[in-house]
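Okay, so here's the structure we're looking at.
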Amino acid sequence: MKILNVEANFWAALGLEKLLIRAGYQFLSCTSLCDAKKILIDQSIEVMIIELKTEADDIESSYTFLRLLQALYPCIRVLVLTDIKDAALLNFLAHEFHSVLFLTKKASLASIVQNVNTLAEKRPHTSTRIRVPSLSLQEFHMLKWLARYSSQQDIALRVRLNNKTISHYKRSICAKLNCENNVEFHHRLTQYGFNRTPVD
């Protein structure tokens with residue numbers, strides 16, 4: 001069985017490769033989602049391991065990639081390793097992608113191998129997400145607009161919504177991400193790469 005690992009950190013990729021080859025898997029590795037798209041055209045991949053956010057990719061491009069992967073290759077199972085701790089964001093993603101397992105990057109190697117084995121055997125997995133508020137699809141898409149424009153009125157004009165609706169989205173998102181002020185909120189958006197995403 002072939003595993004494709006998308007990991008920007010060379011040493012992390014090498015360690016995971018040695019571990020999974022020892023477990024009997026064929027292993028391919030690349031550093032970005034763009035490279036992964038090229039590999040998927042030529043190779044028959046059964047399991048993918050990706051970072052939710054790499055140095056080259058932001059959360060929105062990772063989300064778009066997972067949507068495309070789910071549509072074009074529904075048989076591929078995905079293990080996502082992430083440092084993101086925002087439960088509302090992780091719950092949104094877990095709800096959107098049922099064939100994806102989310103695991104912290106600090107998980108033990110034994111846990112990673114166990115989860116890869118679960119995906120390889122196509123056993124159903126149970127979500128371990130605690131019941132906390134989740135971002136809605138509209139709120140997730142609003143993140144890029146809130147990151148790029150300082151004025152809610154500018155956003156309202158661009159997305160053709162009422163200014164009060166934009167204000168409601170922002171308050172709801174801030175509450176779900178536990179941001180206490182605008183500085184913390186915009187720091188979080190920058191950290192997740194939303195300000196790098198071009199808005200049309």
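The values are calculated or read from the model by the stated rules, or taken from the named source; none is laboratory data. Quantities reported herein were computed from a predicted structural model and do not represent experimental measurements. Cβ sites come from the backbone with ideal geometry, for glycine too, and all protein chains shown count toward neighbours. To get the accessible areas, we keep the full protein, side chains included, count just its heavy atoms, and leave off ligands, DNA and RNA. Shrake-Rupley method; radii C 1.70, N 1.55, O 1.52, S 1.80 Å.
Assorted remarks:
- Of the helices (runs of 4 or more DSSP H) that lie entirely inside the stretch 25-101, those containing 1 or more residues that are farther than 26 Å from residue 175 by Cβ and among the aromatic types (Phe, Trp, Tyr) span 59-72.
- Exactly one residue out of 119, 69, 109 is within 27 Å of residue 10 (Cβ to Cβ) and at pLDDT 90 or above: that is 69.
- Check on residue 115, surrounded by 13 or more Cβ atoms within 10 Å (Cβ to Cβ), touching a residue at least 40 places away in the same chain (Cβ under 8 Å) and not hydrophobic (A, V, I, L, M, F, W, C): no
- Any hit, the stretch 29-42, residues being over 17 Å from residue 190 (Cα atoms), touching an Asp or Glu at 6+ places or on another chain (Cβ under 6 Å), open to solvent by less than 70 Å² (accessible area, probe 1.4 Å) and not polar (S, T, N, Q): yes
- Residue 101 fulfils the conditions (1) in contact with a His (Cβ under 7 Å, 6 or more places away or on another chain); (2) open to solvent by 30 Å² or more (accessible area, probe 1.4 Å) except for a single criterion, (2).
- Cross-chain or 6+ apart pairs with Cβ under 6 Å, the stretch 82-93 first and in contact (Cβ under 8 Å) with a residue 60 or more places away in the chain, then open to solvent by 20 Å² or more (accessible area, probe 1.4 Å): 88/133; 88/134; 88/176
- Of the residues in the stretch 73-81, at least one is more than 20 Å from residue 136 (Cα to Cα), among the hydrophobic types (A, V, I, L, M, F, W, C) and over 12 Å from the mean Cα position of the chain (by Cα).
- Here residue 63 meets the list (1) within 12 Å of the chain's Cα centre (by Cα); (2) open to solvent by 30 Å² or more (accessible area, probe 1.4 Å) almost entirely, failing just condition (2).
Matching residues to (1) in contact with a Gly (Cβ under 8 Å, 6 or more places away or on another chain); (2) surrounded by fewer than 16 Cβ atoms within 10 Å (Cβ to Cβ); (3) modelled with pLDDT under 80; (4) farther than 30 Å from residue 25 by Cβ:
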{"residue": "129", "(1), (2), (3), (4)": "no, yes, yes, no"}
{"residue": "135", "(1), (2), (3), (4)": "no, no, no, yes"}
{"residue": "166", "(1), (2), (3), (4)": "no, no, no, yes"}
{"residue": "177", "(1), (2), (3), (4)": "no, no, no, yes"}
{"residue": "198", "(1), (2), (3), (4)": "no, yes, yes, yes"}
